[in-house]
Amino acid sequence: MPFSVHDSEGEFASAIGASFADDQVVPDGNWRACLKLRFAAQQNRTVLVGRVHSGPLVVQKALYPEGESICHAVIVHPPGGIAGGDRLQLRTQLETGAHALLTTPGAGKWYKANGHVAQQQLHFSVASNATLEWLPQETIVFDAAQVQMQTRVELHGDAKYAGWEIICLGRRAAGEKFANGSLRQRAQIFRDGELIFNDTANLRAGDRVLLSPVGLNGHSVSATFTIAAGKVPSEIVDACREIIPRTGNEYGLTALPEIFIARCIGDNAEQVREYFEMLWKIMRPWYAGIDMQRPRIWST
């Protein structure tokens, strides 16, 4: 698929060809896709000023359900699922004063590997006085999938970031367990070049950690909600600790000087996201100065 360019600066588009290393060979019939977005603040309005894509990864038009200061963008992968050997990359840049919320139209699906690893790379760069929210719907890892997911967030000055990942191992509703395959995740957050958060998971079907009380304890859903916006006031942390997810879900909160982390494991992705949304309702007025409002796409 040829490049699609919507940008006023040539250098923004020219870098997309180097998004994947030249020695990364994609098996025949698999997708290699990259989407680059750039948001800027223009007269109290966040505008999608740069958009470049190669392959089947696109963004719908900019939406403003909360007013013009916050731009909502829905990231769409037209094939609907990620097969073994596919490689997707999303690179997003926010300029000073911008506020963007990125989400997805439905659950992400990672199919059986067929002997090949599927990869997703997220790279976010957020300038001072800008806010990025990455709130995708859940990710379903099918039995026998081999998945690698990497997230790198680069914050500058007082930039703010809030993001979650909700992972479902197997399709429990269909009676499918995660009996084969693997999932490797790494999430890193930097502020002014200094690493302030590094979270790594390496799960393989059959590992003891999937059943261990110090691991997933037999649950099929594992989720992390991370907010990097400075030290959270004690009263905000206390209010979050009063939120309890539905029975059957296990959870925990950690408030560090630079990072707020909520984790939840269970067997129902909707219940886990419900818990995260309750936390988001408390946290968002603090880090973004505006009440929580669910993206409309979540209700369709």
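Go through region 170-227 and give me each residue that's β-branched (Val, Ile, Thr), surrounded by 13 or more Cβ atoms within 10 Å (Cβ to Cβ) and in a strand (DSSP E or B). Break it down into steps so the answer makes sense when it comes.
Of all residues in region 170-227, those β-branched (Val, Ile, Thr) come to 189, 196, 200, 209, 214, 221, 224, 226-227.
If we keep only those that are surrounded by 13 or more Cβ atoms within 10 Å (Cβ to Cβ) too, we end up with 189, 196, 209, 221, 224, 226-227.
Hits for region 170-227 are Ile189, Ile196, Val221, Thr224, Thr226, Ile227.
Go through region 68-103 and report how many residues are farther than 16 Å from Val153 by Cα and of a type in the set (D, E, K, R).
Selection size over region 68-103: 3.
Of everything in region 67-86 that's farther than 26 Å from Ser128 by Cβ, touching a Lys or Arg at 6+ places or on another chain (Cβ under 9 Å) and surrounded by fewer than 17 Cβ atoms within 10 Å (Cβ to Cβ), which residue is modelled with the lowest pLDDT?
If we take residues in region 67-86 being farther than 26 Å from Ser128 by Cβ, touching a Lys or Arg at 6+ places or on another chain (Cβ under 9 Å) and surrounded by fewer than 17 Cβ atoms within 10 Å (Cβ to Cβ), then Gly80 is modelled with the lowest pLDDT.
For region 249-276, how many residues are part of a loop (DSSP other than H, G, I, E, B), in contact with a helix residue (DSSP H, G or I) (Cβ under 7 Å, 6 or more places away or on another chain) and crowded, with 16+ Cβ neighbours inside 10 Å? Can you show your working first?
So in region 249-276, the residues part of a loop (DSSP other than H, G, I, E, B) come out as 249, 256-259, 267-268.
Adding the requirement that they be in contact with a helix residue (DSSP H, G or I) (Cβ under 7 Å, 6 or more places away or on another chain) leaves 249, 267.
In the following step, the residues that additionally are crowded, with 16+ Cβ neighbours inside 10 Å were identified as 249.
Total satisfying the criteria: 1.
Got a sec? Which of Leu88, Leu132, Leu101, Leu169 is touching a residue at least 60 places away in the same chain (Cβ under 8 Å) and on the phi < 0 side of the Ramachandran plot? Spell out how you get there, then give the answer.
Numbers: Leu88 fails: touching a residue at least 60 places away in the same chain (Cβ under 8 Å); Leu132 fails: touching a residue at least 60 places away in the same chain (Cβ under 8 Å); Leu169 fails: touching a residue at least 60 places away in the same chain (Cβ under 8 Å).
Checking each option against the conditions leaves just Leu101.
Inspect region 54-66 for any residue being in a strand (DSSP E or B), of a type in the set (A, V, I, L, M) and either free of Cβ contacts under 8 Å to residues at least 60 places away in the same chain or surrounded by 21 or more Cβ atoms within 10 Å (Cβ to Cβ) (or both) and give the result as yes or no.
Filtering region 54-66 for residues in a strand (DSSP E or B) gives 54, 58-59, 63, 65.
When the remaining residues are screened for being of a type in the set (A, V, I, L, M), the result is 58-59, 63.
So of that shortlist, the ones also either free of Cβ contacts under 8 Å to residues at least 60 places away in the same chain or surrounded by 21 or more Cβ atoms within 10 Å (Cβ to Cβ) (or both) come out as 58-59.
Yes - at least one qualifying residue is present in region 54-66.
Taking region 244-300, which residues are of a type in the set (Ser, Thr, Tyr) and touching a Ser or Thr at 6+ places or on another chain (Cβ under 8 Å)? Walk me through it before giving the result.
Start the filter on region 244-300 by keeping residues that are of a type in the set (Ser, Thr, Tyr), which leaves 247, 251, 254, 275, 287, 299-300.
The one that is of a type in the set (Ser, Thr, Tyr) and touching a Ser or Thr at 6+ places or on another chain (Cβ under 8 Å): Tyr287.
Between Leu101, Leu94, which is under 12 Å from the mean Cα position of the chain (by Cα) and surrounded by 21 or more Cβ atoms within 10 Å (Cβ to Cβ)?
Result: Leu101 is the single residue among Leu101, Leu94 that is under 12 Å from the mean Cα position of the chain (by Cα) and surrounded by 21 or more Cβ atoms within 10 Å (Cβ to Cβ).
Name the residue, out of Ile236, Ile265, that is of a type in the set (A, V, I, L, M, F, W, C), out of contact with any strand residue (DSSP E or B) (no Cβ under 6 Å at 6 or more places or on another chain), free of Cβ contacts under 8 Å to residues at least 60 places away in the same chain and within 28 Å of Leu195 (Cβ to Cβ). Working first, answer last.
Values: Ile265 fails: out of contact with any strand residue (DSSP E or B) (no Cβ under 6 Å at 6 or more places or on another chain).
Only one candidate passes the filter, namely Ile236.
Going through Ile166, Ile140 one at a time, which residue ends up being part of a strand (DSSP E or B), buried (at least 22 other Cβ atoms within 10 Å of the Cβ) and within 11 Å of the chain's Cα centre (by Cα)?
Details: Ile140 fails: within 11 Å of the chain's Cα centre (by Cα).
None of the other options fit; the residue is Ile166.
Check region 128-145 and report whether any residue there is in contact with a strand residue (DSSP E or B) (Cβ under 8 Å, 6 or more places away or on another chain), under 13 Å from Ala100 (Cβ atoms) and of a type in the set (Val, Ile, Thr).
If we filter region 128-145 for residues that are in contact with a strand residue (DSSP E or B) (Cβ under 8 Å, 6 or more places away or on another chain), which is where we start, we get 130-142, 145.
If we keep only those that are under 13 Å from Ala100 (Cβ atoms) as well, we get 130-135.
Pick out the ones that are also of a type in the set (Val, Ile, Thr) and you get 131.
Yes: region 128-145 contains one or more residues that are in contact with a strand residue (DSSP E or B) (Cβ under 8 Å, 6 or more places away or on another chain), under 13 Å from Ala100 (Cβ atoms) and of a type in the set (Val, Ile, Thr).
Criterion first (crowded, with 19+ Cβ neighbours inside 10 Å, of a type in the set (S, T, N, Q) and closer than 19 Å to Ala288 by Cα) does Gln119 satisfy it?
Numbers: crowded, with 19+ Cβ neighbours inside 10 Å: yes; of a type in the set (S, T, N, Q): yes; closer than 19 Å to Ala288 by Cα: no.
Taking the combined requirement at face value, the residue does not satisfy it.
The values are calculated or read from the model by the stated rules, or taken from the named source; none is laboratory data. Bear in mind that the values here come from a model prediction, so they are computed numbers and not experimental data. Neighbour counts are summed over all protein chains in view; Cβ atoms, including those assigned to glycine, are modelled from backbone coordinates with ideal geometry.
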